[in-house]
1. Residue 82 is checked against (1) touching a strand residue (DSSP E or B) at 6+ places or on another chain (Cβ under 8 Å); (2) at pLDDT 95 or above and fails just one. What number does that condition carry?
2. Among the residues that make up region 142-150, is at least one of them at pLDDT below 95, on the phi > 0 side of the Ramachandran plot and surrounded by fewer than 10 Cβ atoms within 10 Å (Cβ to Cβ)?
């Protein structure tokens, strides 16, 4: 097929389809303006606007309660949203912390059991060793303690199984 025999289509749409939303909007605005002018004449509206404006300028304190009245609902909603968001975040953080503390305690409890058992075993071995050595020392002969020159009878030192006592019958100052 040659280029001359191919029909060419136009891609542009009609002007009425492109301007239709704008035309509808301008028609709606002019209808609303006409209806408002029919209900309340423009001169009456201007006069009322001027009276309200001068009243607001002369006594602005009367508008504060109305401002509070109309803004209390959005402020209350915002504060309740902020408070609930804060409470949700805190409760989520608390639950998160409790979860990981629980996971950590799964490792801590067995570790404490093992280390406490090991500590009790070491303590028991130490006490047993101490008792055993004390019994051996108790049954050892008195003369087997080498290198003590103060054991002579002239020095007044009495050798006991658990150690020595200076003097006789506990009088330390008399020799």
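The values are calculated or read from the model by the stated rules, or taken from the named source; none is laboratory data. Bear in mind the structure is a predicted one, so any value in this text is a computation, not a measurement. Heads up, the Cβs are rebuilt from the backbone with ideal geometry, glycines too, and the neighbour counts pull from every protein chain shown.
1. (1) is the only condition that residue 82 fails.
2. There is at least one residue in region 142-150 that is at pLDDT below 95, on the phi > 0 side of the Ramachandran plot and surrounded by fewer than 10 Cβ atoms within 10 Å (Cβ to Cβ).
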